[in-house]
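Right, one structure below, let's go through it.
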Amino acid sequence: LLLPGSDGMDLLQYVKLHHANTEVLVITALDKVDPAVRAIKSGAGDYLVKPVNPEVLAHAVTRALTTRALLKENESLRRHVEMLETGQRISTTLDREKLPHTTCAAFMQMCAADAAFLVMNEDDAFHVEGALGLSEEELQVVSTTMLEKVRMALAHVSPLGQALPKDVAPAPFQSAFVSPAIDGSKPLGAVVLLYKQPLNEHWVEATPFLSRHLSLALRNLGRFAEVEDLAY
């Protein structure tokens, strides 16, 4: 805690602020309660008073690393729960007018996209059903410049989705990713994600899961329409 020209507590706070994933153990000769409490509140994993037994130090390091592993696991679990809830919001939407907004919002939330639009396939005719994050002018440009290229990509795209060529996305977007909603071998539609920076593969890891829920929603909408016709 006592450093030439500085203070160990300030260093601790700086590290936790700018490098939050770094685990910190405070080792000091100050055998006092107040600095120990301050250190723990500032994010230190432990407060050890010199002289420190090597076994005690090893135990403190192990405990700090275990805590970090648990926090990382909890973060992963939260991510999976969030993804499950997001997928359910898509699959349980039976209102055709609400589906584009719900779908685009869900994909943007889980995939860190700057914009998204939903493409629907009806009798082998593709059209943009709705979008989020695009102005009217941008949506018009996307509909005229990207729709045919998305249709061609869906003819051979993997269920995992794929990045579109760099020149496909219109300004101000730099990259695009298409995630298909498939029923058997037939594409029911797709969500196209747009980014204002180069694509990061980690952003689109959730797309296959969300697309399966979109496929379910589109199949349910079709069945719901059939039931309405029968009811009439």
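Values as computed for the structure displayed
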read-out	value
Rough spin-label spacing in nm, given labels placed 7 Å along Cα→Cβ, for GLN109 and ALA231	2.7
Rg ratio (alpha-carbon, reference 2.2 N^0.38 Å) - the range 77-163	1.15
Max mean-square fluctuation residue, GNM over the chain, Cα-Cα springs under 10 Å, options LEU147, LEU57, LEU218	LEU57
Prolate/oblate/rounded call for the range 86-128, Cα gyration tensor, a/c under 1.5 rounded	oblate
(1) -0.56; (2) -0.32; (3) -0.50, with the label sought being that of the calculated log10 I(q)/I(0) by the Debye sum over Cα atoms at q = 0.09 Å⁻¹	(1)
The range 44-148 - accessible surface per residue (Å², probe 1.4 Å)	60
FRET E, pair HIS19, LEU48, Förster distance 25 Å, beta-carbon r, rounded to 0.05	0.75
Listed pairs LYS16/LYS41; LYS32/LYS72; LYS98/LYS196; LYS98/LYS166; LYS72/LYS166 exceeding 22 Å between Cα atoms	LYS32/LYS72; LYS98/LYS196; LYS98/LYS166; LYS72/LYS166
Share of carbon and sulfur in the accessible heavy-atom surface of the range 1-74 [1.4 Å probe, %]	60
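The values are calculated or read from the model by the stated rules, or taken from the named source; none is laboratory data. Everything quoted here is computed from the prediction, not taken from an experiment. Neighbour counts are summed over all protein chains in view; Cβ atoms, including those assigned to glycine, are modelled from backbone coordinates with ideal geometry. Side chains are part of the model used for accessible areas, which takes the heavy atoms of the whole protein and leaves out ligands, DNA and RNA. Shrake-Rupley method; radii C 1.70, N 1.55, O 1.52, S 1.80 Å.
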